[in-house]
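J.: Input: one structure, supplied below.
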Amino acid sequence: MNIALARSRYKQAAAIGEPEINDPHEVIHVTLRELERSLGVMEQLQKAERATAGEHANRSLTAIYILQSSLDFEKGGDLATNLFQVYEYVRFHVLKAWRNEGDAELSQAKLAIGEILSAWQTIGDQVGERSE
C-alpha cells in the first residue's frame with residue numbers, strides 16, 4: 001500500500017474538524033502520536049483494572065493498520081520487516097487488552113511506539129533542515 005491510501009485511511013479514522021494532512025511524513029507522525037496516546041489511555045485503564053475503552057482499542061488498531069500497510073518492503077528491507085513485527089507485537093497486546101486479558105503488555109507496547117515516534121521525529125527534523 002502507498003502513502004496515499006494510508007492518508008485516506010487516516011482521514012477516515014480522524015475526528016471531524018481536524019485539519020487535512022498532505023505531507024506523507026506528517027501522516028505517519030500523527031498516526032504514531034495518536035497510537036501512543038491511545039495506548040497510554042488503555043494502559044491507564046488496565047492499571048486501574050477497568051475494561052479497555054473500545055474507542056481507544058479501535059483507534060490503536062486503525063493506526064497499526066495504517067502503519068503496517070504504509071511500509072515498503074522492497075525499499076525498506078529489514079527495517080520494514082522489523083517495524084512490521086513491532087506493529088504486530090503492539091496489535092497482539094491491544095487485542096489482549098480489548099479482551100480484558102490481564103497479561104496484555106501495554107506499557108511495553110507504548111514504549112516501543114514511543115521509541116519509533118522519537119526516531120520518526122528526528123528523521124523529520126533532519127529532513128526539514130535539509131529542505132531549508
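The values are calculated or read from the model by the stated rules, or taken from the named source; none is laboratory data. Nothing here was measured: the structure is a model prediction, and the numbers come from that model. Ideal geometry is used to build each Cβ from the backbone, glycine not excepted, and the neighbour counts take in all protein chains shown. When the accessible area is computed, the model is the full protein with side chains, heavy atoms only, and any ligands, DNA or RNA have been set aside. Shrake-Rupley method; radii C 1.70, N 1.55, O 1.52, S 1.80 Å.
J.: Can you give the Rg/Rh ratio of the range 34-132, where Rg is from the C-alpha atoms and Rh is the Kirkwood radius? List each step's numbers first, then the result.
T.: Values: Rg = 14.8 Å, Rh = 14.2 Å.
So for the range 34-132, dividing Rg by the Kirkwood Rh gives 1.04.
J.: Less than 15 Å Cβ to Cβ from Ile113, Lys/Arg counted +1 and Asp/Glu -1: what total charge do the surrounding residues give? Could you put the intermediate results ahead of the total?
T.: Details: positive: Arg33, Arg37, Arg59, Arg91, Lys110; negative: Glu34, Glu36, Glu43, Glu88, Glu105, Glu115.
So the surrounding residues net to -1.
J.: Here's a follow-up. Might you work out the accessible area of Glu55 for me, using a 1.4 Å probe with all protein chains in place, and round it to the nearest 10 Å²?
T.: Accessible surface of Glu55 is approximately 110 Å².
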